[in-house]
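What follows is one structure encoded as structure tokens, with my remarks underneath.
The values are calculated or read from the model by the stated rules, or taken from the named source; none is laboratory data. Fair warning: this is a prediction, and the values are worked out from it, not measured in the lab. Cβ placement follows ideal geometry from the backbone for every residue including glycine, while neighbour counts extend to all protein chains displayed. Ligands, DNA and RNA are stripped out before the accessible areas are found, and what is left, the full protein with its side chains, is counted by its heavy atoms. Shrake-Rupley method; radii C 1.70, N 1.55, O 1.52, S 1.80 Å.
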Amino acid sequence: MDGTAFGPDFLWGASTAAFQIEGAAAEDGRTPSIWDRFSHTPGKVLNGDTGDVACDHYHRYPEDVALLADLGVGAYRFSVSWSRVLPQGTGAPNAAGLDFYDRLVDAVLAAGVEPWLCLHHWDLPASLYDRGGWGNREAADWFAGLAAVVARRLGDRVRHWFTFNEPNVMVWLGHVNGNHAPGLRDRQAALSAIHTINLAHGRAVGAIRANATDPMVGLIASLQPVQPAADDAAHRQAAQALDLFWNRAMVDPVMLGRYPSDLADMLGDRVRDGDLATIGQPIDAFGLNHYCRLYAVPDPGAPFGVGIGGAPDGTPVTGVGWQIDGTGLTEQLLRLKAEYPPVPIYITENGAAFPDLPDANGYVDDQDRVAFLTEYLGAAQRARDAGVDLRGYFVWSLMDNFEWELGYGTRFGIVRVDYDTLVRTPKASYQHLKEVIAALRGG
Ligand code: IFM
């Protein structure tokens, strides 16, 4: 890979999320999240997989931190489990839960890696869902409460903060499509969730700034260019609708301080005086998660009349059918530069699932993933060459983990996890990334 343009200051990182790796689901005071409940509901997750054990990162985090150090990354992005920190969602913090993140942060720092903390990666406490979840405007205050508790405890050491990971996906898959927790397909619930989560982001930005020392605060969204799956008026209209909900509903209000006008009409009096000022207060960084272009299809039965189709026939795809096409990443980065005020951008997730056949020693020679990373890093570099203020790249994911409704059969890691023994084995892609990072750092 020609990566010379990245230079020695470019930040390399790896990402994970609490529910996908921690396990220890009922330990030390943690209560169920909506994903515990969803995954324990028969038929919701492939093979009935749950997050009960996951990668057992809760107990094995020292091993995982050692992998980060050996990889040579400058940063580790992880999320906190809300129901581990605040078992009732609000109220009294759980000392044992906070102690875990304290130990993790110290271990990451001791390994010479910066902790990048994301407050919420989809695992809303089930108790809060029972109080209305993101459909209840009060959830914005509940989330600010979590932000304050975590920032007070870790804000002396954690300098880099994100409020939400992919709130747009949380709304689309959880409230429109229904294949993610909490499993809704409900137009009104989705609209309420959009605004409450945006407000929660704004309130949490304030809470982090008030409680952490000199923090960088940002938002992470999954943004993908949307195209009509066919060249006709219905598909073009579907593409516009999907672009509105996927790419703009939760980024425009944060970056521009306003909703797109079509959406503002739909949100109606959910948006109160002062909300947009809270949501649109300046942030210090934008996290872009990017995987593939989306192809929109009309779906009259769906809450917003649109669904997501497959990649065009004959185009290369990953093991989960996502199109491999780095030009989408360049295009998305250029769109961020063209449409929003300048904010440093980090790619906070990018990676791919492949079949990953291990040899007798558990080693995976994943040249398909190496080729994917090479293509997408080249695409990122082209955007930088075109003037995009891209400061870093975090691979998804450090290790194989619970891939939501697809459970453990779908592997995105650069480290293989054997789910019977929980042994971690770096794949060829880990070695490749390690060499890229070392070379670009002049190491
Ligand atoms: O595993 C997920 C992650 O939790 C959010 N972004 C996309 C990844 C791959 O599906």
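In this structure, is A140 touching an Asp or Glu at 6+ places or on another chain (Cβ under 7 Å), small (G, A, S) and outside any loop (DSSP other than H, G, I, E, B)?
On the way: touching an Asp or Glu at 6+ places or on another chain (Cβ under 7 Å): no; small (G, A, S): yes; outside any loop (DSSP other than H, G, I, E, B): yes.
No.
Considering the range 204-229 alone, what residues qualify as being over 15 Å from Q281 (Cβ atoms) and touching a strand residue (DSSP E or B) at 6+ places or on another chain (Cβ under 8 Å)?
Applying the first criterion (over 15 Å from Q281 (Cβ atoms)) to the range 204-229 yields 211-214, 220-229.
Of everything in the range 204-229, those that are over 15 Å from Q281 (Cβ atoms) and touching a strand residue (DSSP E or B) at 6+ places or on another chain (Cβ under 8 Å) turn out to be A212, I220, A221, S222, L223, Q224, P225, V226, Q227, P228, A229.
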Examine the range 14-36 for a residue that is among the small types (G, A, S), surrounded by 19 or more Cβ atoms within 10 Å (Cβ to Cβ) and farther than 24 Å from W116 by Cα, and state whether such a residue exists.
no
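Having 3 or more residues that are away from the ligand (no atom under 16 Å from the Cβ) and open to solvent by 10 Å² or more (accessible area, probe 1.4 Å) is the bar; report the strands (runs of 3 or more DSSP E) wholly within the range 388-443 that clear it.
Values: elements: 390-396, 415-417, 424-426.
Because the criterion is at least 3 residues that are away from the ligand (no atom under 16 Å from the Cβ) and open to solvent by 10 Å² or more (accessible area, probe 1.4 Å), the strands (runs of 3 or more DSSP E) in the range 388-443 that meet it are 424-426.
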Would you check if there is a residue in the range 231-244 being within 16 Å of the ligand (Cβ to nearest atom), open to solvent by 30 Å² or more (accessible area, probe 1.4 Å) and either modelled with pLDDT of 95 or more or touching a His at 6+ places or on another chain (Cβ under 8 Å) (or both)?
no
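When you check A234 against the structure, is it in contact (Cβ under 8 Å) with a residue 60 or more places away in the chain, more than 19 Å from the chain's Cα centre (by Cα) and not in a loop (DSSP other than H, G, I, E, B), yes or no?
Numbers: in contact (Cβ under 8 Å) with a residue 60 or more places away in the chain: yes; more than 19 Å from the chain's Cα centre (by Cα): yes; not in a loop (DSSP other than H, G, I, E, B): yes.
So A234 fits the description; yes.
If I ask for residues that are of a type in the set (A, V, I, L, M, F, W, C) and either surrounded by 23 or more Cβ atoms within 10 Å (Cβ to Cβ) or touching a helix residue (DSSP H, G or I) at 6+ places or on another chain (Cβ under 6 Å) (or both), which ones from the range 346-361 would you list? Outline the logic, then answer.
Initially, the range 346-361 is screened for residues of a type in the set (A, V, I, L, M, F, W, C), giving 347, 352-354, 357, 360.
Once the filter is applied, which keeps residues that are of a type in the set (A, V, I, L, M, F, W, C) and either surrounded by 23 or more Cβ atoms within 10 Å (Cβ to Cβ) or touching a helix residue (DSSP H, G or I) at 6+ places or on another chain (Cβ under 6 Å) (or both), the range 346-361 yields I347, A352, A353, F354.
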Testing E27 on (1) away from the ligand (no atom under 16 Å from the Cβ); (2) in a helix (DSSP H, G or I), one condition comes back false. Which one is that?
(2)
Applying the selection to the range 59-83, what residues are buried (at least 20 other Cβ atoms within 10 Å of the Cβ) and outside any helix (DSSP H, G or I)?
V73, A75, Y76, R77, F78, S79, V80, S81
Pairs where the first residue, in the range 90-109, is part of a helix (DSSP H, G or I) and the second is at pLDDT 95 or above and surrounded by fewer than 19 Cβ atoms within 10 Å (Cβ to Cβ), C-beta under 7 Å, 6+ apart:
A96/D28; A96/G29; G97/D28; G97/G29; V105/R157; A107/P62; L109/R157
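Results for (1) closer than 22 Å to R391 by Cα; (2) among the aliphatic types (A, V, I, L, M), shown as yes or no for each residue.
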residue: G287; (1), (2): yes, no
residue: Y295; (1), (2): no, no
residue: P312; (1), (2): no, no
residue: G321; (1), (2): no, no
residue: L333; (1), (2): yes, yes
residue: A360; (1), (2): no, yes
Can you tell me which of N179, N198 is under 29 Å from F402 (Cβ atoms), within 16 Å of the ligand (Cβ to nearest atom) and either outside any helix (DSSP H, G or I) or open to solvent by less than 10 Å² (accessible area, probe 1.4 Å) (or both)?
N179
With the condition kept exactly as written, say whether any residue in the range 345-356 is away from the ligand (no atom under 16 Å from the Cβ), charged (D, E, K, R) and over 21 Å from the mean Cα position of the chain (by Cα).
no
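Can you tell me which of V343, V364 is aliphatic (A, V, I, L, M), in contact with a helix residue (DSSP H, G or I) (Cβ under 9 Å, 6 or more places away or on another chain) and closer than 25 Å to G257 by Cα? Write out each step before concluding.
Details: V364 fails: closer than 25 Å to G257 by Cα.
From the options V343, V364, the qualifying one is V343.
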Single match in V65, V53 (criterion: in contact with a helix residue (DSSP H, G or I) (Cβ under 7 Å, 6 or more places away or on another chain) and β-branched (V, I, T))
V65
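Each row is one residue, and each column tells you yes or no for (1) part of a loop (DSSP other than H, G, I, E, B); (2) open to solvent by 20 Å² or more (accessible area, probe 1.4 Å); (3) out of contact with any helix residue (DSSP H, G or I) (no Cβ under 8 Å at 6 or more places or on another chain).
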site: L267; (1), (2), (3): no, no, no
site: D273; (1), (2), (3): yes, yes, yes
site: T278; (1), (2), (3): no, yes, no
site: A302; (1), (2), (3): yes, no, no
site: P312; (1), (2), (3): yes, yes, yes
site: G321; (1), (2), (3): yes, yes, yes
site: Q332; (1), (2), (3): no, no, yes
site: L336; (1), (2), (3): no, no, yes
Residue within the range 275-286 that is within 16 Å of the ligand (Cβ to nearest atom) and in contact (Cβ under 8 Å) with a residue 24 or more places away in the chain present
yes
Looking at (1) in contact with a Leu (Cβ under 7 Å, 6 or more places away or on another chain); (2) within 16 Å of the ligand (Cβ to nearest atom); (3) in a strand (DSSP E or B); (4) of a type outside the set (F, W, Y), can you tell me which one A296 breaks?
(2)
